[in-house]
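Working notes, beginning with the structure itself.
The values are calculated or read from the model by the stated rules, or taken from the named source; none is laboratory data. Quick caveat, the model's predicted, so the values are computed rather than measured. Note that we place each Cβ from the backbone using ideal geometry, even for glycine, and neighbour counts take in every protein chain shown.
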Amino acid sequence: MNKKLYMPFTASCTFLIFAFLSYVVKFYPEWLTTFDDAITSVIRSLHPNWNGFFLWITQFGSATNIIILLLAMLFVLLYRKKYVDAIWLSMSVAVVAGVITPLLKLFFARQRPTLEHLVVETSYSFPSGHATATMIFYGALIFLVPLFTQTKIWQISLQTFLAIFILLIGISRIYLGVHFPTDILAGYCESLTWLLFTYPIYRKQRLLWGLQKKQ
C-alpha cells in the first residue's frame, strides 16, 4: 500500500470500529454482553495484590493529571520553538478529550458496570474518558518522540513504553470495575481516528513552517 494512504486507511478502520460499537451500544447493547463479560472476567480475576498498581496507574489518565502533563509538555515544546507541534498536541487533547468525548457520553448515556467500583465515577460509561484521554495525549507523544531523540533504539523504547502505558491504563479501568471493555476500545478508536487523520496535516504544516523559517 502507498505510504501516503496508510494512515488515512488505518484511520478509516478505527473509525468504522468506533462507529460499529457506537451503533450497537445505542440500539443493541445486549450484543456486547458476552464479549464484555468474557474480557472483564479475565481481567478482574487477577490477584487482589494488583489493586494498588491499577489504582496508581489509572491516575495518569485522569483529567487533572493529563492537563498537568499537557501543560508541562507544551512548556517544553514552546521553549524549543516547536510551535506547530504544540498546536497539534494541545488542539488534539482539547477537541477530543475536552469536547467530543463528554458530548458522546451524554448522547449514549451508557450506565457503568454494576460490578463493585474500586474508584468513584459519576459520569456515563461510553466511551471511556480515560481511554480517550490517554490515547490522544500519550498517543500523540508517540508521534512526537523523534523531536526529542534521534537515536533509533531510544525512539523505539520510548514509543513501546508509551504504548504499553496506554494499554495498562485501559486495563485498569476494567479491573477497577468502572468500564466495559467496549468502552475502552471505543475510546482508543476515537482518539486513534483523530491522530491518524490529523497527523499527516500536522506534518505538512510543520514542513511548511520549517521552509518559511529558512526563507
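Selection over the stretch 56-79 of residues that are touching a helix residue (DSSP H, G or I) at 6+ places or on another chain (Cβ under 8 Å) and of a type outside the set (S, T, N, Q) gives a count of 11. Filtering the stretch 17-57 to residues that are without any contact (Cβ under 8 Å) to a residue 24 or more places away in the chain and among the polar types (S, T, N, Q) leaves 33, 34, 41, 45, 49. Scanning the stretch 75-107 for residues that are under 30 Å from residue 52 (Cα atoms) and either in contact (Cβ under 8 Å) with a residue 12 or more places away in the chain or among the β-branched types (Val, Ile, Thr) (or both) yields 93, 96, 97, 101, 102, 105.
Here the condition is being polar (S, T, N, Q) and closer than 14 Å to residue 137 by Cβ; of 191, 172, it holds for 191 alone.
Of everything in the stretch 105-146 that is more than 14 Å from residue 192 (Cα to Cα) and among the β-branched types (Val, Ile, Thr), the residue that is surrounded by the most Cβ atoms within 10 Å (Cβ to Cβ) is 145. Got at least one residue in the stretch 49-65 being under 18 Å from residue 184 (Cα atoms) and assigned to a loop (DSSP other than H, G, I, E, B)? So far as the stretch 49-65 goes, yes, one or more of its residues are under 18 Å from residue 184 (Cα atoms) and assigned to a loop (DSSP other than H, G, I, E, B). A Cβ distance below 8 Å, combined with a sequence gap of six or more or placement on separate chains, defines the contacts here; from the stretch 108-120, residues that are on the phi > 0 side of the Ramachandran plot reach residues that are of a type in the set (Ser, Thr, Tyr) in the pairs 109/124. Go through 142, 174, 136, 169 for me and flag whichever is more than 24 Å from residue 76 (Cβ to Cβ), β-branched (Val, Ile, Thr) and touching a residue at least 12 places away in the same chain (Cβ under 8 Å). Step by step, each of 142, 174, 136, 169 is checked, and only 174 is more than 24 Å from residue 76 (Cβ to Cβ), β-branched (Val, Ile, Thr) and touching a residue at least 12 places away in the same chain (Cβ under 8 Å). The set of residues in the stretch 148-171 being within 20 Å of the chain's Cα centre (by Cα) and among the hydrophobic types (A, V, I, L, M, F, W, C) consists of 156, 158, 161, 162, 163, 164, 165, 166, 167, 168, 169, 171. Taking helices (runs of 4 or more DSSP H) as the structural unit, those lying wholly within the stretch 70-161 and holding at least 3 residues that are within 29 Å of residue 206 (Cβ to Cβ) and of a type in the set (A, V, I, L, M) correspond to 83-92, 129-144. Could you grab the pairs with beta carbons closer than 6 Å, sequence gap of 6+ or different chains, first residue in the stretch 188-215 and at pLDDT 95 or above, second one not in a helix (DSSP H, G or I)? Between residues of the stretch 188-215 that are at pLDDT 95 or above and residues that are not in a helix (DSSP H, G or I), the close pairs are 190/127. Can you find a residue that is closer than 23 Å to residue 186 by Cβ, in contact with an Asp or Glu (Cβ under 7 Å, 6 or more places away or on another chain) and not aliphatic (A, V, I, L, M) anywhere in the stretch 29-36? Checked the stretch 29-36: no residue is closer than 23 Å to residue 186 by Cβ, in contact with an Asp or Glu (Cβ under 7 Å, 6 or more places away or on another chain) and not aliphatic (A, V, I, L, M).
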